[in-house]
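Remarks on the structure that follows.
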Amino acid sequence: MKIFKDKNALQKEILKTKGISFVPTMGGLHKGHISLIKQSKKSKFKTLVSIFVNPKQFNKKSDFRSYPRNIKKDIKLLKKLKIDYLYIPTFKDIYGFRTKNKVFLDKSSKELCGKFRKGHFEGVLNVVNRFIEIIKPRYIFLGKKDYQQLYLIKKHIKKREIKSKIIECKTIRENNGVACSSRNLNLSRSQMKIASNIFYYLRNLKKKIKKNYSLFKINKIKKELTKLGANKIDYLENYNIKSFKKIKNTNKKYNLFFAYYIKKVRLIDNI
Ligand code: AMP
């Protein structure tokens, strides 16, 4: 595994390859990331993982500061996984150049997480656009756990006619149902139990509303989640996963999207 902190050296190296499979991350690696990496390694291209905690996608400084980081442990894990390249850029490496493409932000970026985290998706698309211009990956592996992010990146790629292909990867969960997330590292054991109870409650709810949509009574559900230990609920909505529009009935394939807090830790998922 070769480690790069500078895009010029990285570009020189990857020019020699027949293409790159790219797995962007913010570190604090877990089973979700590992699954993306393993899928990437099955492709015919070299696997490049990036670790960059992108300040521009955090709408609160405190959230950026408390984001779990564990670079030594991450490097050890990536070596074990035998990836080809690890890119750990500095802020300047990413933001110190003019991009060819302008970010395209689909209007659905104003919904769900976009409503509650001002500037978040602008920040995500900005950094992804830059990574794409530096690496020119053939494939980009993204997790469905962050489905709105995945959807918006796909829209940007289509609109700007970028050649990279997005590979959508399924959400990996802990044994207690909770989606693996770097943010889980900031949860205590009892808080993890709350997250697990909330997951099972919502999974069960989804089954019920599939049969009878009138059971989707948002205020009642929010009260229930509060009882289970959620401190603040940002949203809880059913979206068609193709059109990414809020559903009116359960005829089409949809997921229940939710974001809530346990104390200061914000968790998102979709089931
Ligand atoms: P992050 O480091 O949180 O920015 O995530 C990097 C990539 O890993 C994104 O494409 C995420 O959607 C994906 N990812 C995060 N958690 C999971 C998970 N539990 N299962 C699958 N993919 C995930």
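Laboratory data are not the source of any read-out in this text; all were calculated from the coordinates shown. This one's a predicted model, so the numbers in the text were calculated from it and none came from an experiment. When we count neighbours, we look across all protein chains shown, and the Cβ atoms used for this are built from the backbone with ideal geometry, even at glycine.
Quick look at the values:
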{"read-out": "Three-way shape call for segment 2-169 based on the alpha-carbon gyration tensor, with the a/c threshold at 1.5", "value": "rounded"}
{"read-out": "By average C-beta atoms within 10 angstrom, highest first, the peptides 1-9, 138-146, 101-109", "value": "138-146, 101-109, 1-9"}
{"read-out": "Inter-probe distance in nm under a simple model that places probes 7 Å from Cα toward Cβ, at Asp63 and Lys245", "value": "2.8 nm"}
{"read-out": "Entries of Lys60/Lys227; Lys12/Lys82; Lys42/Lys170; Lys73/Lys263; Lys110/Lys253; Lys5/Lys72 with Cα pairs more than 18 Å apart", "value": "Lys60/Lys227; Lys12/Lys82; Lys73/Lys263; Lys110/Lys253"}
{"read-out": "Calculated [θ] (222 nm, deg cm²/dmol) that DSSP helices of n ≥ 4 give over the chain, each run adding -39,500 (n - 2.57)", "value": "-12000 deg cm²/dmol"}
{"read-out": "Using alpha-carbon coordinates, inclination of helix 31-41 to the longest axis of the chain, degrees", "value": "40 degrees"}
{"read-out": "Relative contact order (percent, whole number), segment 182-270, Cα cutoff 8 Å, 6+ residue spacing", "value": "26 percent"}
{"read-out": "Cα-based reach from Lys252 at 19 Å (exclusive), listing aspartates and glutamates while leaving out same-chain residues under 8 positions away", "value": "Glu237"}
{"read-out": "GNM result for the chain, Cα springs below 10 Å: residue of Lys165, Lys100, Lys155 fluctuating most strongly", "value": "Lys100"}
